[in-house]
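Reviewing the structure listed below.
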Amino acid sequence: MGNWAEITDEISKIYQDNQYKIRQINDVDAVSDKRREALQALFEHTGRNVIVYYSAWLENGRRFSGQSTDFSVNDTDKNSFMTALHKLDQSKGLDLILHTPGGDVAATESLVDYIHALFGQDFRVIVPQLAMSAGTMIALSSKEIVMGKHSSLGPIDPQFNGLPAHGLLEEFEQAKKEVSENPQTAHIWQVILNKYNPTMLGEAKKAIQWSNSMVKQWLEKGMFLDEPDKEEKATRAIKELADHSVTLAHNRHISVSKALELGLNIKELESDPKLQDLVLTLHHLSVIAAQRGPLIKFVVNHDNRGTFLQGHEN
């Protein structure tokens with residue numbers, strides 16, 4: 001039942017049959033019941049623990065613009081993961097279904113460290129649609145990334161004061177070069193350079209070094225652990241994913257074919273039709289939940305244990 005139209009038709013039929021009343025997402029309704037069924041079926045299919053981390057930024061980002069940071073990876077997510085991971089059989093490993101715009105690097109590092117502490121490298125990330133920025137970092141910390149033809153990762157160049165750190169440094173270096181070659185252009189660059197100060201530039205450099213070294217270490221100890229040239233492979237992947245001069249835009253979408261070209265350990269979702277059906281069913285149900293309620297994000301496991309964050313109208 002992974003098709004969007006089939007899922008919405010079934011949900012509508014349930015409502016029409018008056019088996020449920022329309023309630024908020026954290027109540028027992030048709031959508032949450034179907035999600036619970038799909039999560040349990042996925043657990044039975046893979047034999048692995050399953051957690052869904054779903055952000056509704058695409059559906060409700062504008063609606064709750066005052067809570068924009070809540071849609072992103074942040075330190076409050078740790079409590080949600082603690083709830084969802086509590087009492088799970090760690091010997092079964094973990095599959096994380098991830099849909100996120102990214103977020104805070106420090107929170108991402110802490111979350112990955114927590115997952116590794118519980119499951120070691122027996123950790124897989126499934127991307128039903130988008131795992132951008134810090135979401136890509138989380139994916140790169142796993143042993144394998146499952147992607148469909150419709151799935152995308154994104155560049156991991158860190159954001160600094162809302163700007164790509166690489167882009168900030170490139171702009172400063174370009175200004176310095178042009179003014180050095182032609183001092184008459186100084187007044188043109190004056191307005192731009194006034195935005196920056198030495199502290200800001202230094203912090204941007206540190207942010208780049210931090211995220212690059214962190215992800216490189218994850219790749220070498222995880223996805224590329226058994227590769228004889230793991231250091232070279234990790235360095236190449238970081239170059240392609242973290243260098244703003246290569247990726248060109250922070251929101252650039254990296255397809256499954258490009259991820260394979262980078263040498264990442266990718267499993268194509270279409271190679272397992274049952275897995276594909278269950279993952280897409282979960283994804284579409286999550287989208288429907290976001291469209292029908294004030295959802296910001298949720299983290300829930302195959303036992304239906306987790307947390308739901310809802311927005312408040314301004």
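The values are calculated or read from the model by the stated rules, or taken from the named source; none is laboratory data. Quick caveat, the model's predicted, so the values are computed rather than measured. No Cβ is skipped: glycine too gets one built from the backbone with ideal geometry, and neighbour counts run over all protein chains shown.
Every condition in (1) in a strand (DSSP E or B); (2) touching a residue at least 60 places away in the same chain (Cβ under 8 Å) is met by Leu98 except one, and the failing one is (2).
Ala107 meets all of the listed conditions (1) without any contact (Cβ under 8 Å) to a residue 60 or more places away in the chain; (2) surrounded by 14 or more Cβ atoms within 10 Å (Cβ to Cβ); (3) in a loop (DSSP other than H, G, I, E, B) but one, namely (3). Residues satisfying the criterion are absent from the range 112-122 (criterion: touching an Asp or Glu at 6+ places or on another chain (Cβ under 8 Å) and in the same structural domain as Gln40 (by TED's automatic domain parsing)). Just one residue in the set Ile115, Ile126 is crowded, with 24+ Cβ neighbours inside 10 Å and aliphatic (A, V, I, L, M); that residue is Ile126.
Every residue, every condition in (1) farther than 27 Å from Lys297 by Cα; (2) hydrophobic (A, V, I, L, M, F, W, C); (3) in the same structural domain as Val73 (by TED's automatic domain parsing), yes or no:
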position: Lys143; (1), (2), (3): no, no, yes
position: Ala165; (1), (2), (3): no, yes, no
position: Lys177; (1), (2), (3): yes, no, no
position: Ala186; (1), (2), (3): yes, yes, no
position: Leu193; (1), (2), (3): yes, yes, no
position: Gln209; (1), (2), (3): yes, no, no
position: Phe224; (1), (2), (3): yes, yes, no
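Note on the range 214-255: residues that are at pLDDT 90 or above, more than 19 Å from the chain's Cα centre (by Cα) and small (Gly, Ala, Ser) amount to 1. If you filter the range 43-80 down to residues that are assigned to a strand (DSSP E or B), touching a Ser or Thr at 6+ places or on another chain (Cβ under 8 Å) and of a type outside the set (A, V, I, L, M), you find that the one that is surrounded by the fewest Cβ atoms within 10 Å (Cβ to Cβ) is Tyr53. Just to be sure I understand, how many residues within the range 177-219 are over 30 Å from Met137 (Cβ atoms) and of a type in the set (Val, Ile, Thr)? Number satisfying all stated conditions: 4. For the range 81-89, the condition of being in a helix (DSSP H, G or I), free of Cβ contacts under 8 Å to residues at least 40 places away in the same chain and surrounded by fewer than 21 Cβ atoms within 10 Å (Cβ to Cβ) holds for at least one residue. Within the set Pro198, Pro294, Pro273, the sole residue that is outside the structural domain of Ala107 (by TED's automatic domain parsing) and more than 19 Å from Gly103 (Cβ to Cβ) turns out to be Pro198. Kindly evaluate His283 against the criterion of being more than 18 Å from the chain's Cα centre (by Cα) and within 30 Å of Asn79 (Cβ to Cβ). No, not satisfied.
Could you pull out the residue among Ser152, Ser141 that is modelled with pLDDT of 95 or more, under 26 Å from Leu260 (Cβ atoms) and buried (at least 24 other Cβ atoms within 10 Å of the Cβ)?
Step by step, each of Ser152, Ser141 is checked, and only Ser141 is modelled with pLDDT of 95 or more, under 26 Å from Leu260 (Cβ atoms) and buried (at least 24 other Cβ atoms within 10 Å of the Cβ).
Here's the yes/no breakdown for (1) at pLDDT below 80; (2) not aliphatic (A, V, I, L, M):
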residue	(1), (2)
Ile11	yes, no
Tyr20	yes, yes
Asp27	yes, yes
Ala56	no, no
Gln67	yes, yes
Asp70	no, yes
Asn74	no, yes
Asn79	no, yes
